[in-house]
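One structure below.
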Amino acid sequence: MAVKMYSGKEIEVNDEGYFLEPDKWSGEIATEIATEIGIVLTEEHIKVIDFLRNDFKSKGSLPTMRRIKKVGGIQTKDLYRLFPEGPLKKACKIAGLAKPASCI
Amino acid sequence: MKKIVILGAGTAGTMMANHLSRKINHKSWQIIIIDEHQTHYYQPGFLFIPFGTYSKKNVIKKKSKFIPKKVEYISEKIELIEPKKNSIKLQKGNSIEYNVLIVATGCKIVPDEIEGLADENIWHKDAFDFYTIEGALALQKKFENFKGGKLVVHIAEMPIKCPVAPLEFAFLADSFFTKKGIRNDIELTYVTPLSGAFTKQNCSTVLGYLLNEKGIKLVPDFNIEKVDSNAKRIISYDEKEIDFDCLVTIPTNMGDDLIENSDMGDELNFIPTEKHTLQSKNNENIFVIGDATDLPSSKAGSVAHFQAEVLTHNVMNFIRNKPLKPDFDGHANCFIESGFGKAFLIDFNYDVEPVEGKFPFPIIGPMSLLKESRLNHFGKLAFRHIYWNVLLRGLPMPGIPTQMKTWGKKL
């Protein structure tokens, strides 16, 4: 566990930088995390991040790429274009959510 | 007469019929089980068919043999579940009303979900599954004449039924072709959408090491987009390509079409289920068991066995208007064949990862957890008899409790 500063706020994150307190997340913070991992946020990125956060809020678990496609209407190919190399992990990090664990 | 209706006479449904038949008051309750298919497959046996260890006759029996006499067995296709009417519609048009419904319709592979995989020129010719009897038998034929080349073992997406099976398959293939004397002519690759060899970290380390030791190349984080059936190549969303001469794939696993048609499932047709009581999240008189649930537990027969004991208790409580018990802890117990007549045994639940130790009794075992041994392999082979004679009949397994125990384990 570690503490990181985003937008002047102290935020608890795990060893890999994933948020332990999703409620402290904001759009500003998202931009900062994205910059850290080399992504410039666009409307398309924000659509993915909003879906992840809303779906997590209503279901209590992180969505899979299949769910993002079927329920969120975002093609997997687009996810890879927007968040290259590990789209779900990167998108969850920017969205201030936990690291996606693989289902069993 | 009140009715408990069970949908599906597979592993979980059959166990529930046996459990409930022994507990229920047959004067006021009728139990009905519905399944269109006649044959019960011993699915863990499919793994051994491609290598010629088992044949078809080792893994099939009649479903009706395992349904208790006091339970009515209807062999007909189910058209629709109508939760608002507490009713099941059958294909021939008649309906059955229920007081309590238990959904045990399982899951199945859906090769069509991946572009190109189900193409006629490769499916069951150069690309195989071993999760169906047809796939396992076709692969047995292929392996009889396989002279060498690129053998790719592949998982499309999680979750899958029996998450250890593809690893076991890779280990057994290594062993099989070594004994045949052509292992050096085969490039064996294990391709997974996960970041490592297995879902559970402890296991992933041990099993990843084993892959390496056996000369099986691991390709993690491979998210398949399509199969090029002419070039015989799998292609990922981020444009990685792997060529194959023989592809052994675990296609996308989904719940039954009935669940989708009845609008009761998630994006994979799995039913949202309360993870400790097995009550469905949307209807209080509907319970879900086995592979049909959306639970983060393994989709495996051992899990269905542990669930059946909890669910029997909860169905009895439900009909007596008593509170449900949150007793299912995600307990799973699996043998992992590692080739050359050895196997691993793992035991875990929602919260505790597989660890080393002895099972089922501390110190004396006799079986070792998370370690390769001959005895574990014999345990796996003996399990077929336990399955037919103990498990399906809903009888307790001596020494193996429903909730996972931590005794004898190195935590």
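The distance from the alpha carbon centre of the range B:282-301 to that of the range B:221-277 is 19 Å, rounded to a whole number. Over 19 Å between Cα atoms: which of B:LYS27/B:LYS281; B:LYS2/B:LYS85; B:LYS141/B:LYS179; A:LYS77/B:LYS226; B:LYS85/B:LYS299 fall into that group? Violating the 19 Å limit, Cα to Cα: B:LYS27/B:LYS281; B:LYS85/B:LYS299.
Averaging the sequence gap over all C-alpha pairs within less than 8 Å and six or more residues apart, then dividing by the number of residues, gives the range B:346-411 a relative contact order of 38 percent. For the range B:4-53 versus the range A:72-104, the inter-centroid distance based on Cα atoms is 39 Å. Here the residues A:VAL40, B:VAL219, ranked from fewest to most Cβ neighbours within 10 Å of their Cβ, fall in the order A:VAL40, B:VAL219.
Is the shape of the range A:2-94 best called rounded, prolate or oblate, per the rule: a/c under 1.5 gives rounded, else a/b larger than b/c gives prolate, else oblate, with a ≥ b ≥ c the square roots of the Cα gyration tensor eigenvalues?
Here the range A:2-94 falls in the prolate category.
Its relative contact order, with pairs defined as Cα atoms under 8 Å and 6+ residues apart, puts chain B at 16 percent.
How would B:TRP123, B:TRP388 line up from fewest to most surrounding beta-carbon atoms within 10 angstrom?
B:TRP388, B:TRP123
Taking a straight Cα-Cα cut-off under 18 Å and skipping sequence neighbours fewer than 8 places away in the same chain, the lysines within cross-link reach of A:LYS9 are A:LYS24, A:LYS93. Of A:LYS70/B:LYS89; B:LYS125/B:LYS240; A:LYS89/B:LYS142; A:LYS59/B:LYS410; B:LYS65/B:LYS161, which pairs sit farther than 32 Å apart, going by alpha carbon to alpha carbon? In this structure, A:LYS89/B:LYS142; A:LYS59/B:LYS410 lie more than 32 Å apart at Cα. Quick check: from the Cα gyration tensor, does the range A:42-104 come out rounded (a/c under 1.5), prolate or oblate? Because its axes are fairly even, with a/c under 1.5, the range A:42-104 counts as rounded. Net charge in the neighbourhood of B:PHE244 (other residues with Cβ under 11 Å of its Cβ; Lys, Arg +1, Asp, Glu -1) is -3. Projected label points at B:ASP245 and B:LYS325, each 7 Å from Cα along the beta carbon direction, are separated by 5.6 nanometres. What translational D, rounded to a whole number of µm²/s, comes out for the protein assembly as shown from Stokes-Einstein when the hydrodynamic radius is the Kirkwood one over Cα pairs, at 10 °C and 1.306 mPa s? Estimated via Stokes-Einstein, D reaches 65 µm²/s.
Considering helices alone, the calculated mean residue ellipticity of chain B at 222 nm is -7000 deg cm²/dmol, with DSSP H runs of length four and up weighted by -39500 (n - 2.57) and normalised per residue. Annotation: the antiparallel percentage among DSSP beta bridges lying fully within the range B:1-131 is about 40. What angle, in degrees between 0 and 90 and rounded to the nearest 10, separates the Cα long axis of helix A:27-36 from the longest principal axis of the Cα atoms of chain A? With rounding to tens, the tilt is 90 degrees. On a 0 to 90 degree scale, rounded to 10, what angle separates helix B:201-213 from the longest Cα axis of chain B? The answer is roughly 30 degrees. Of all beta bridges that DSSP places with both ends in the range B:110-252, some 30 percent have antiparallel geometry. In this label model, B:LYS405 and A:LEU20 are separated by 3.5 nm, measuring between points 7 Å along each Cα→Cβ vector. Once the Cα atoms are used to define both axes, helix B:301-319 deviates from the longest principal axis of chain B by about 10 degrees. Modelled label positions at B:LEU395 and B:LYS62, each set 7 Å beyond Cα in the direction of Cβ, lie 2.1 nm from each other.
Comparing B:PRO44, B:PRO326, B:PRO159 in a Gaussian network model of chain B where C-alpha atoms under 10 Å apart are linked, the largest mean-square fluctuation is found at B:PRO326.
Computing Rg and the Kirkwood Rh from the Cα coordinates of chain B gives a ratio, Rg/Rh, of 0.97. Using the beta-carbon distance between B:SER55 and A:ALA101 and R0 = 22 Å, what value does 1/(1 + (r/R0)^6) give for FRET efficiency, to the nearest 0.05? Efficiency at R0 = 22 Å is approximately 0.05.
Take the Cα of B:LYS23, go 7 Å toward its beta carbon, and the backbone nitrogen atoms of the range B:265-304 under 16 Å from that spot belong to B:276-280, B:285-290, B:304.
Got the relative contact order for chain A handy, in percent, Cα pairs under 8 Å and 6 or more residues apart?
This gives 28 percent for chain A.
Which percentage, to the nearest 5, of the DSSP beta bridges contained in the protein assembly as shown is antiparallel? Once the DSSP bridges in the protein assembly as shown are tallied, antiparallel ones form about 55 percent. When the alpha carbon gyration tensor of the range B:136-214 is reduced to an equivalent ellipsoid, its three semi-axes come out at 23, 15, 10 angstrom, largest first. Computed across the range B:272-392, the Kirkwood radius stands at 15.7 Å (inverse of mean 1/r, all Cα pairs). Count neighbours as other Cβ atoms within 10 Å of each site's Cβ, and list the GluC sites (Glu not before Pro) in the range A:1-99 that are DSSP loop with at most 12 such neighbours. Answer in residue order: A:GLU16, A:GLU85. Shown for B:HIS154, B:HIS276, B:HIS19, B:HIS26: other C-beta atoms within 10 Å of each C-beta, ranked fewest to most, produce the order B:HIS26, B:HIS276, B:HIS19, B:HIS154.
Here, each number is a calculation from the coordinates, and none is a lab measurement. Not measured: the values here are computed from a predicted model. Reconstructed Cβ throughout: ideal geometry from the backbone, glycine too, with neighbour counts over all protein chains shown.
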